[in-house]
Structure formats: C-alpha cells, structure tokens
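Engineer: Have a look at this one.
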Amino acid sequence: MRYPAVLLIPIAVVGISFFIGSDTQSDQTEEPGAVLYAEFCQDCHGTNGRDFVGRTWKLGSRKKDLLRVMEEGYPLLGMPGYGATMGPEELDSLAEYVLQQAQKEKRFYPTAPRTEETSDLTIRADVIMDGLETPWGMDLTDQGGLLVTEREGRLWHFQEGVQRVVKGLPDDIIVKGQGGLMDVAFWTDNKTLESWVYLSYSKLHPDNDRLSATGLIRGRWEVADSTFRLADVETLFIATPYEKTHHHYGSRIAFGPDGMLYLTCGERGHRDTHPQSLESRPGKVHRLHPDGTIPADNPFLNIPGAEPSIWTWGHRNPQGMFVHPTTGEIWTHEHGPKGGDEINILRKGANYGWPSITFGRNYSGTIITRDTAMTGMEQPLYYWLPSIGACGLDIIDGGQWPKAWQGNLLAGSLSFEYLERLVLDQDQKVIHRENLLEDIGRVRDICTGPNGDVFVAIEGAGTVVRLIPLPKL
Ligand code: HEC
C-alpha cells in the first residue's frame, strides 16, 4: 500500500526523536534509576541491566514483581533485599530502569510468576533450580543448604543461588532402568557434632555387572574453600540378594525421633520371593543405628533366619517417607501395580500385605488376588485407585501456611504429572484430595524445611520448585 508523503513525515519525525531520546537517556547517568543500578546492582547483574535483557524470568517481570523481589530479596537465590535501605521512590526508579533496559529486547512482555489457585489459597511456585536431568531426592543441611541428587549419579549443594557439585560419591552406582543415585539425607550426631550425608542408590555387584541391589552409604560432610565432599565413605547396608532386574529399588531414607535410620527397599520385581519372607531384604523397611549397626529392639531379632534389620515387611516399592512432626510416626507410601498405591503408617514388625493382599491388579488387568484384607496384615491408611505413581511424600508443618493446610500431605504423581494435596481429619482419614501444579512434569520428591518451606523436585522439567502461600488480598 502507498501512503501520501505528507503522512510519512510525522512518523519519521517521531521515529528520529525516539532514537535521540533513548540515546540520550541511556547516556544520562543522572537518571536516578541508572545511578542506583550502577551503584547497587551492576556488580551482580552486569552493566546497563544486561542480565535482564532477553531474560527467562524466575520471579515475574511485571513492575510489582520486581518491586517485591528488590524489597524482600530472595536469599535462597542469592538476591539481597533492599527494603530496609531504600525508600519507595528509589525502588520505583530502579524497577523502571530495569524494565526499560529489559524492554530493549523486542520479545519482552511482562509476565507474572507461576501461581496456583487452589480451592482455598493462592500459591506461588518459584523455580529455584533448573537444568537438572532427573532430580530424585532432596534434604536440607543444618546450614540451610539444599542437597539434591540426580539419578544420573550427581549430588548438588545449592545455597544463595550457588549450585556446587558434591564430590566423593561411590563409584559403583549403576544408572539403568529405575536405578541410579536416589535419596539423600543429612544427619548430625548430637554427641560428636559431626555431620554425615547418607545416600541410597542402585549398587552394582562387585564381581558381576549384571546384578544390583539397593545400597546405603554415608560420608562425613566436609566443607572447605567452598568445596563440598563426602569423606570416609562407608557402606552401611546392601539390600541383598542382588538381582538382575533394574526396578523397584525403593530407597527413601528418614531419621526417626528414636534416633534411628529408616530405609525403604522395594521388592525388585520379585513379589513372590521377597516381600513375604523375613529371610531376604528387598520388599521391607529397615531400621538401623545411624552407623549401620542393628538396634537391640528391632522386631525380628529372635526369629531364626530372619534379617535383623527388618522393621516392617510386605512392601512393594515404597518411594515416599516422612516423620510426622507431632506424632513422631513414620509414614510411607508405595507404588501399587495397576491401582493400589497406598499410604501406610509403619508399626514395629507389621506386615503390609504385598502381594497377599492388595487393592491393585496386574498391569495387564489380570487379578493378583481378590483379597484386600487378611488377619495379621495391615490395612493402608489410604489407597489410590487408579494409581497415581506415587513418589515423594511430605507434610506441611509451620511457616506461613494457613491453618487449613497445616498437617496436609503432599504426594508426587509420576504418572499424572502433578502434586497431590491430601487433607486428613482428626482420625487420619483422607477427606479431601486436590491436584496442584497440573502438568508440571513427573513429581519425584517433596522436601519441607524448618520454616515451612516446601521444595518439589520435578523430572523431565529438571527443576526444583519452591511453593509459597500468598496472603489473601
Ligand atoms: C550480590 C549479588 C546481587 C545484587 C547486588 C543484586 N542482585 Fe538481583 N539477583 C541476584 C541473584 C543471584 C538473583 C537470582 C537470579 C537467578 O536465580 O537466576 C537475583 C534476582 C533478581 C531479580 C529477579 C529476576 C528473575 O528472574 O525473576 C531481580 C528483579 C533483581 N535481582 C533485581 C536486582 C536489582 C534491581 C538490584 C540492585 C538494587 C539487584 N538485583 C542486586 C543477585 C544480586
């Protein structure tokens, strides 16, 4: 289309003045936002807001998001807060300046951080780590650092935005099928004040590379010159016999209020051999002293042939475990087959029934057993039909979470790629279920921190997300 020349002239004038305007602006160091930026921000974020041009924003890129981040800071990511030292006008001029620089990129458009509208609360989901392959297990150190395993055989320490690899891992991790490096737990010995890191993984047989077993090691936590390593690594437990299969390793680690270590071991795909036998280790939850020795009050010490570390039996593949903050009970959940993922509270010596009783069927749809109950076998606290592919389990406790959320369970779903909220009544009955973070990816682990922090590890996306309850406006 042709425009009359008279119409083009004003456009050209506006265009030129725009260029002149923006040129003088970026050189104009008197502009308060630019001055403040140069003084307070550019050491970390680069000159002229370089870090914000073409950025994939983590915490939102609307002006109000920037103001919030600058005011409060985000210690976990290493962003200091300026609310105490800068006034609203200074913060405002900084936000304007950063946005003005960011807008130089044509693709820039203001985006809100990811929020979730639940039935009774808005939650913000901040991505605090990304670029991971298959995050599997998480725990916090006594200094607030986040330890994250990747199934591929790496352990990370993340604090104040700095992600460092932890050295000194065992060299017999076999990454195959469902196996690899799995859970991590941090524990400090109250007597010696020494800290240890525990790892569970699929361990290669020393002489036969076709065989593996769930293994548990620990290493002394050593931090020197910003390097993290496990020293004096010792093997504490191997869930023998070694098997040829590469699935159902279990692998969650937790420390009970009794000072004992609990380790879940899956049945390795041998449901007719292990779960109902006290003479092998797969398909059980084991209880050990933190140094790997057997506690004198374990339930099966007097039964000839029984494995002395067994605490509970009849398990399929338990991959979620936490210690209840008020009752001190150990809660687990485990994968059922087609249907029948279940939540259990572990009781000394109890048999959870797999495969004699189950609410599930074979994956092919055929019957495993019609029995869902039997004397001498525990009923689950809850079971999922259909299975959600339950992985990772924790409980909301403290922090800014409203009352209705305190004591709620969070369970990951591998199959349906969401985080499930389960509300329990006083009799520990599940009275409400709700999907959070739908389509976020395979949710592998959930870890709660002492101040109510909730971290969620997501496979596929390769991220760790932090959930924050937002006050009702
Ligand atoms: C000590 C280093 C440091 C200083 C100084 C600093 N920041 Fe940051 N800031 C960070 C880090 C680290 C992050 C997190 C970045 C990440 O995880 O990708 C961050 C994040 C941010 C974000 C959120 C970005 C997003 O992706 O959502 C904004 C906005 C921001 N900073 C603005 C500022 C401004 C404005 C200043 C100056 C007043 C400033 N920062 C000073 C380190 C710093």
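Engineer: Show that you can apply the helix-only estimate: for the chain, add -39,500 (n - 2.57) for every DSSP H stretch of four or more residues, divide by all residues, and state [θ] at 222 nm to the nearest 500.
Structural biologist: It comes out at -3500 deg cm²/dmol, rounded to the nearest 500.
Engineer: When a footprinting reagent is the concern and you count Cβ atoms within 10 Å, what order do Cys447, Cys265, Cys391, Cys44 take, fewest first?
Structural biologist: Ascending Cβ contact count within 10 Å gives the list Cys44, Cys447, Cys391, Cys265.
Engineer: Rank these for me by crowding, Tyr97, Tyr418, Tyr363, Tyr352, going from fewest to most other beta carbons within 10 Å.
Structural biologist: Placing the least packed residue first, the sequence is Tyr363, Tyr418, Tyr97, Tyr352.
Engineer: Working from Cα positions, state the angle (0 to 90°, nearest 10) between the long axis of helix 88-102 and the longest principal axis of the chain.
Structural biologist: 90
Engineer: Arrange Ile303, Ile458 by Cβ neighbour counts within 10 Å, fewest through most, would you?
Structural biologist: Fewest-to-most Cβ neighbours within 10 Å comes out as Ile303, Ile458.
Engineer: Test of understanding: what is the full-extension gain from Asn435 to Ser119, defined as 0.36 nm times their sequence separation minus their Cα-Cα distance?
Structural biologist: Once the chain is fully extended between Asn435 and Ser119, it gains 112.8 nm.
Engineer: A follow-up question, please. Calculate how steeply helix 63-72 sits against the longest principal axis of the alpha-carbon atoms of the chain, using the helix alpha-carbon long axis, and give the answer as 0 to 90 degrees to the nearest 10.
Structural biologist: Value to nearest ten degrees: 60.
Engineer: Please tell me the relative contact order of the chain in percent, rounded to the nearest whole number, where contacts are Cα pairs under 8 Å and at least six residues apart.
Structural biologist: Relative contact order for the chain comes out at 10 percent.
Engineer: Something else now. What lysines sit close enough to Lys176 to cross-link, taking a C-alpha to C-alpha distance under 26 Å and skipping anything fewer than 8 places away on the same chain?
Structural biologist: Those lysines meeting the cut-off are Lys167, Lys203, Lys244, Lys284, Lys338.
Engineer: May I ask for the distance between the Cα centers of region 102-159 and region 251-318, given as a whole number of Å?
Structural biologist: When both Cα centres are located, 33 Å separates them.
Engineer: Need the list of lysines near Lys104 for cross-linking: C-alpha distance under 16 angstrom, and skip anything on the same chain fewer than eight residues off.
Structural biologist: Partners found: Lys63.
Engineer: A follow-up question, please. Would you pull out the residues with amide H under 5 Å of Ile128's amide H, same chain only if 5 or more places away, H placed 1.01 Å from N?
Structural biologist: Hits under the 5 Å cutoff: Val464, Val465, Arg466.
Engineer: Using mean Cβ contacts within 10 Å as the protection proxy, how do 168-177, 291-300, 306-315 order, highest first?
Structural biologist: Order by mean packing, descending: 306-315, 168-177, 291-300.
Values quoted throughout were computed directly from the atomic coordinates according to the rules given, and no laboratory measurement underlies them. The structure displayed is predicted, hence computed values, not measured ones. Cβ: placed from backbone, ideal geometry, glycine included. Neighbour counts: every protein chain shown.
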